[in-house]
Structure formats: C-alpha cells, structure tokens
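J.: Before we start, here is the structure in question, set down as structure tokens.
The values are calculated or read from the model by the stated rules, or taken from the named source; none is laboratory data. Just so you know, these numbers come straight off a predicted model, no measurement behind them. Please note: Cβ atoms are built from the backbone with ideal geometry, for glycine as well, and neighbour counts cover all protein chains shown. Note: areas computed on protein heavy atoms with side chains; ligands, DNA, RNA excluded. Shrake-Rupley method; radii C 1.70, N 1.55, O 1.52, S 1.80 Å.
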Amino acid sequence: QVQLVESGGGLVQPGGSLRLSCAASGIRFSIYAMGWYRQAPGKQRELVAGISSGGSTNYADSVKGRCTISRDNAKNTVYLQMNSLNPEDTAVYYCNANSPLGTMSYWGRGTQVTVSS
C-alpha cells in the first residue's frame, strides 16, 4: 500500500530545466525523510538530493547550485527542480522515502531524464 510515483521526466536540451515530482501514499509523509536518487546505465545509484522531515536539505556536489529539492506536506509530494542540465544528468531518477530512525525505506519506479541536443 506504500506507493511513490515519480513524474516530470523527459527529454531536454543541454542548459534546459525540468521539475520532477514524487507523490507518496501509504506513509505518514510529514515525518519521512525524502530523497532523489539517479542511476545511469551501467552505474550505481547515487543520491542527488535529500530533504529531512524538518526541511533540511543536502545535495550531491555534482548538482549543488543547479538543483533544489522541496516538499509540500499538504500534497504528500516532494519535488526536484533541475536547472542548467547537461548530458551527465541523463539517468533514471528515483524517489526515496525513509522512515524515522531509518527503519523502513521505500522506492518509486523511476522517471527517465534525458539531456541531449
């Protein structure tokens, strides 16, 4: 009954922007830490950005300054605004939810982001 559904991916040109959304259900969203991860073909999944239940954020060095993670607890949704995209950002982006104390972790199915001219 826990479900994370990503949306907003697609094909963009270098320098373009995208806003990813992740709608969560089946969890007490407001107390969960949320994150965005990405995985390119043949590579390991890596953290892009995270946001705590209290609103603290952290970013991978590769996206810092270009990406902003935010959450809307009233909508049970976490967002990732991505600007100045480059081909290295091409990957499947996954939404992640972690319960307090890290006891439980949930994943969405992912949304494809392709940056190409």
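J.: Note down the net charge around G50, summing +1 for each Lys or Arg and -1 for each Asp or Glu among other residues with Cβ under 15 Å from its Cβ.
T.: Surrounding charge for G50 is +2.
J.: Right, something else. How much accessible area does S70 have with a 1.4 Å probe, in Å² rounded to the nearest 10?
T.: 40 Å²
J.: So what is the relative contact order for the chain, in percent, with contacts set as C-alpha pairs under 8 Å and at least six apart?
T.: 36 percent
J.: If you don't mind, there's one more thing I want to ask. Got a number for carbon plus sulfur as a percent of the chain's accessible area, 1.4 Å probe?
T.: Roughly 46 percent of what the probe reaches on the chain is carbon or sulfur.
J.: Let me ask something else. How big is the accessible area of M82 in square angstrom, nearest 10, if you roll a 1.4 angstrom probe over the protein chains?
T.: We get 0 Å² for M82.
J.: Volume per residue, Å³, of the convex hull around the alpha-carbon atoms of the chain?
T.: Spelled out: Cα convex hull of the chain, divided by residues, is 96 Å³.
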